[in-house]
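Below: one structure, written as structure tokens.
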Amino acid sequence: MHSVADDDFAGIACTVDEWPEPLNIFSRQAAPDLPENSLPPFVQEMARYYAKQLGTNLGAAALAILVACSGAVPRQVKVRGHKNNDVWLEPIILWGALVGPCSRE
């Protein structure tokens with residue numbers, strides 16, 4: 001049994017036996033479904049409409065819509081990275097990629 005410990009991780013130690021099996025990122029696994037009501041109502045309805053029209057899942061349509069919406073926000077508009085930190089500000093820029101096998105249509 002090997003243990004993992006380092007001064008950088010003071011107080012954190014675990015054994016190799018406790019580690020979960022690594023995820024094979026190259027396997028063909030279906031993406032999990034987007035949880036119901038996890039989007040604002042307008043975006044949820046729009047994503048449902050386009051998912052049905054395009055024959056894709058809700059998450060793919062929602063990703064495309066959210067990325068498009070972020071492009072409509074001027075870069076001068078920023079959000080706080082943490083509610084108690086007025087120094088960490090980030091512009092509302094989203095990048096998205098839909099990765100999967102080629103479509104037949």
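The set of residues in segment 19-45 being closer than 18 Å to P101 by Cβ and either in contact with a strand residue (DSSP E or B) (Cβ under 8 Å, 6 or more places away or on another chain) or not hydroxyl-bearing (S, T, Y) (or both) consists of N24, I25, F26, R28, Q29, A30, A31, P32. Note on segment 51-88: residues that are hydroxyl-bearing (S, T, Y) and part of a loop (DSSP other than H, G, I, E, B) total 1. For segment 13-44, residues that are over 27 Å from P91 (Cβ atoms) and either modelled with pLDDT of 90 or more or part of a helix (DSSP H, G or I) (or both) total 3.
When segment 48-69 is examined, which residues are found to be among the polar types (S, T, N, Q) and at pLDDT 90 or above? Hit for segment 48-69 is Q53, nothing else.
The values are calculated or read from the model by the stated rules, or taken from the named source; none is laboratory data. Only a predicted model underlies this, so the values are computations on that prediction, with no experimental measurement involved. Cβ coordinates were reconstructed from backbone atoms using ideal geometry, including for glycine residues, and neighbour counts include every protein chain displayed.
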